[in-house]
1. Given the residues B:90, B:64, B:69, which is the only one that is under 14 Å from the mean Cα position of the chain (by Cα) and within 28 Å of residue A:53 (Cα to Cα)?
2. State which residue is surrounded by the most Cβ atoms within 10 Å (Cβ to Cβ) when the search covers only the stretch A:16-35 and only residues that are more than 11 Å from chain B (Cβ to nearest Cβ) and closer than 17 Å to residue A:62 by Cβ.
3. Would you mind stating whether residue B:56 is more than 18 Å from residue B:18 (Cα to Cα), within 10 Å of another protein chain (Cβ to nearest Cβ), part of a strand (DSSP E or B) and touching a residue at least 60 places away in the same chain (Cβ under 8 Å)?
4. Looking at (1) at pLDDT 95 or above; (2) within 10 Å of the chain's Cα centre (by Cα); (3) within 14 Å of chain A (Cβ to nearest Cβ); (4) over 13 Å from residue B:88 (Cβ atoms), which one does residue B:34 not meet, given that it meets all the others?
5. Can you pull out every residue in the stretch A:19-36 that is outside any loop (DSSP other than H, G, I, E, B), touching a residue at least 60 places away in the same chain (Cβ under 8 Å) and under 22 Å from residue A:85 (Cβ atoms)?
């Protein structure tokens with residue numbers, strides 16, 4: 001079974017509108033972390049936001065917020081006031097196990113290609 | 001700029017050849033991770049080193065090997081290259097002393113096997 005599922009291969013949004021990118025995950029660990037990365041066409045991976053499994057509040061970073069629903073195992077990324085520069089591939093990723101460890105990997109979803117229209 | 005450097009940026013080689021990809025982590029980061037991004041497999045974890053020691057292994061082929069040197073830079077060696085090895089190879093580093101171990105990615109090395 002896939003550990004990270006991103007069901008939207010592509011999404012379109014109008015400039016200045018909000019958009020939600022879906023991510024569901026599967027783990028039996030109690031302690032884990034969820035990350036969102038952005039990959040523009042230039043190829044680099046840019047960290048956007050993090051949510052820990054024990055964090056009670058949804059994470060926010062500027063125009064990015066993470067809608068974390070632990071019981072549903074979902075960690076959707078919300079981008080508010082979309083900009084043309086937000087057009088990119090977005091990846092959801094999971095770290096299984098507690099933070100602060102010295103050995104863990106990120107498991108990535110297949111990504112969602114977001115296109116922001118003017 | 002993440003602070004992680006990777007060289008070379010692009011690499012074009014032929015099947016059967018051997019290449020070495022190099023990564024320098026952010027200053028002070030002890031952990032280095034290697035990932036492979038291809039169209040059919042997506043982003044996959046290959047291997048992790050922590051302070052010179054191998055700590056975790058993912059879907060890394062036996063033809064591939066890696067090491068981390070005392071100055072913490074890392075090299076990924078790919079041998080007997082096949083067409084299917086063409087991919088974007090990322091190195092990432094993290095500071096395990098911070099709370100959530102964000103991984104900072106380098107710009108990647110794009111490998112093309114002809």
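1. The unique qualifying residue is B:90.
2. Among them, the one singled out is A:21.
3. Working: more than 18 Å from residue B:18 (Cα to Cα): yes; within 10 Å of another protein chain (Cβ to nearest Cβ): yes; part of a strand (DSSP E or B): yes; touching a residue at least 60 places away in the same chain (Cβ under 8 Å): no.
So residue B:56 fails the test.
4. For residue B:34, the exception is condition (4).
5. Narrowing the stretch A:19-36 to residues outside any loop (DSSP other than H, G, I, E, B): A:19-21, A:24-25, A:32-36.
With touching a residue at least 60 places away in the same chain (Cβ under 8 Å) added as a condition, the list becomes A:19, A:21, A:25, A:32-35.
If the condition is that a residue be outside any loop (DSSP other than H, G, I, E, B), touching a residue at least 60 places away in the same chain (Cβ under 8 Å) and under 22 Å from residue A:85 (Cβ atoms), then A:19, A:21, A:35 are the ones that fit.
The rows are residues; the columns are (1) exposed (fewer than 14 other Cβ atoms within 10 Å of the Cβ); (2) under 20 Å from residue A:108 (Cβ atoms); (3) at pLDDT below 90.
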position	(1), (2), (3)
B:39	yes, yes, yes
B:46	no, yes, no
B:56	no, yes, yes
B:64	no, yes, no
B:72	no, no, no
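The values are calculated or read from the model by the stated rules, or taken from the named source; none is laboratory data. Everything quoted here is computed from the prediction, not taken from an experiment. Here the Cβ is made from the backbone with ideal geometry for all residues, glycine too, and neighbour counts use every protein chain on show.
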